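Quick notes on the structure that follows.
The values are calculated or read from the model by the stated rules, or taken from the named source; none is laboratory data. Please read all numbers here as calculations on a predicted model, not as lab measurements. A quick note on method: Cβ atoms are made from the backbone with ideal geometry, for glycine too, and the neighbour counts reach across all protein chains shown. With ligands, DNA and RNA removed, areas are computed over all heavy atoms of the protein, side chains included. Shrake-Rupley method; radii C 1.70, N 1.55, O 1.52, S 1.80 Å.
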Amino acid sequence: MQLSMQHKCDYTPRNLYYKKDIAYVTKHSKWILQSIGIWPAAVGDVKKLLPKIAIALSNFVLLFAIIPCILHIIFEEKDTIMRLKLSGLLSFCCTSLMKYWALTLRKPRIKGCIEQVCIDWEQVELHKDREIMLKYGRMGRNLTIICAVFMYTGGTIYHSILQYAIGTFVDEHNRTIKPLVYPTYSALYDVQSSPIYDLVYVIHCMCGYVMYSITAGACGLAALFATHTCGQIDIIISRLNDLVRGEYMKETLNLNTRLIEIVERHLRILRFSAAVEMVLQEVCFLEFIGSTFMICLLEYYCITDWEQSNTISLTTYTMLLISLTFNIFILCYIGELLIEKSSNVGLSCFMIDWFHLPTKTIHGLILIIAMSNNPVKITAGRIADLSLSTFGSVLKSSLAYLSFLRTIVMQ
């Protein structure tokens, strides 16, 4: 990650290992988001052009799968159960496309947040601060890896093993029909003829990769920013605990100087959190709505395949159900973690030996407590706060919709 020239001129690195640390915490998110053109490019004409090509190609493969699928459902598919199955697939595709547009729109802000993360790593002063940041950086990295493993594994099974299990069959017109990942509208082109079928299948697999990368990348980005915020908050709490004695900050023994640094750091992380909220609010809203609907449909598909003893299809849909459930759980978990950590700043002000401090310094602590009364949050479009209670609401809503869906289908 190349920082701006202004930043390089204004700051002298204090953490000699900052490049290694940044690479460690951003590695997997960078891989995923770089492949779909969302991660900010390094300086250079060619490298700046590559994200634009990736964005154009990703939009093409998504629309190539979505538009023919919509036309097929409207004009060709008559079976209600099959329409229901295809509507789940289509809703996931459309939600992924809208999330991708939201990420593309917020790309400049994403770049600013990533640069702030890099600056914070570069300016680490104490070894124990670096250990705190590495602890939370490792947490964000692990959450990204787990989410990516679930999404790509479920997607690979759906795009390969499930299609192989369906196999070719002969229709009523004595034509050999080869399976497709996403159904197409037959009036557009003859998809069963070679090499059109092979080309369409490859594009559909590319579409699957883009969709799962969007979901895993957005989750990884949220985990990266949220865990970084938690690390910075823990450093603030560490500074507060050291405010009275000043044992660790040898260079700033003056009490007022230490308090000013704490307040400035707190304000900086609040501004960073507001920027992260702006970046993620549309994506989290789409994830919140889409996950509720998709979890409901996947539960229905699992029940149907269980009744029909369709083992391969049941395994595939179960894997996708676990992936989507875990994905929304990660977002709600890090939202809960942010609320808890940011509230702890005000609590730490109460827990220190504040009665040994001058009156003016105590007034400064009151300001920090007041700011902590409004904890940092990640919201779904500023409609609902992402927390563990929200995750419970998503599961309860999906089960309610499942019961309603079963009632409608069985009539």
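Points to keep in mind about this one:
- In this calculation the C-beta distance from Gln123 to Ser343 is compared with R0 = 35 Å, giving a FRET efficiency of 0.85.
- Furthest towards positive pole of dipole, Phe150, Leu50, Thr257, structure part the chain, Cβ charges: Thr257
- Taking only the Cα atoms of the stretch 298-411, the ratio Rg/Rh comes out at 1.29, with Rh defined as the Kirkwood radius.
- For the stretch 39-148, the set of GluC sites (Glu not before Pro) satisfying both a DSSP loop assignment and a count of at most 16 other C-beta atoms within 10 Å is given as Glu76, Glu77, Glu125.
- Here the relative contact order of the chain, from alpha carbon pairs under 8 Å that lie six or more residues apart, stands at 21 percent.
- Charge context of Arg406, other residues only, Cβ under 12 angstrom, K/R +1, D/E -1: -2
- Placing unit charges on the Cβ atoms only, positive for Lys and Arg and negative for Asp and Glu, gives the chain a dipole magnitude near 920 debye about its Cα centre.
- Remark: for residue pairs Lys78/Lys178; Lys99/Lys135; Lys99/Lys377; Lys19/Lys111; Lys20/Lys128; Lys19/Lys128, the C-alpha separation exceeds 24 Å in Lys99/Lys135.
- Mean Cβ count within 10 Å, highest first, over the residues of peptides 53-65, 273-285: 273-285, 53-65
- Trp39, Trp31, Trp354, ranked by accessible area, largest first (probe 1.4 Å): Trp31, Trp354, Trp39
- Taken over the chain, the alpha-carbon convex hull comes to 151 cubic angstrom per residue.
- Residues with amide H under 5 Å from that of Ile177, placed H, sequence gap 5 or more: Phe169, Val170, Asp171
- Normalised by 2.2 N^0.38 Å, with N the number of residues, the alpha-carbon radius of gyration of the stretch 62-203 equals 1.54.
- Most mobile listed residue (Lys27, Lys128, Lys78) in the chain, GNM with C-alpha springs under 10 Å: Lys78
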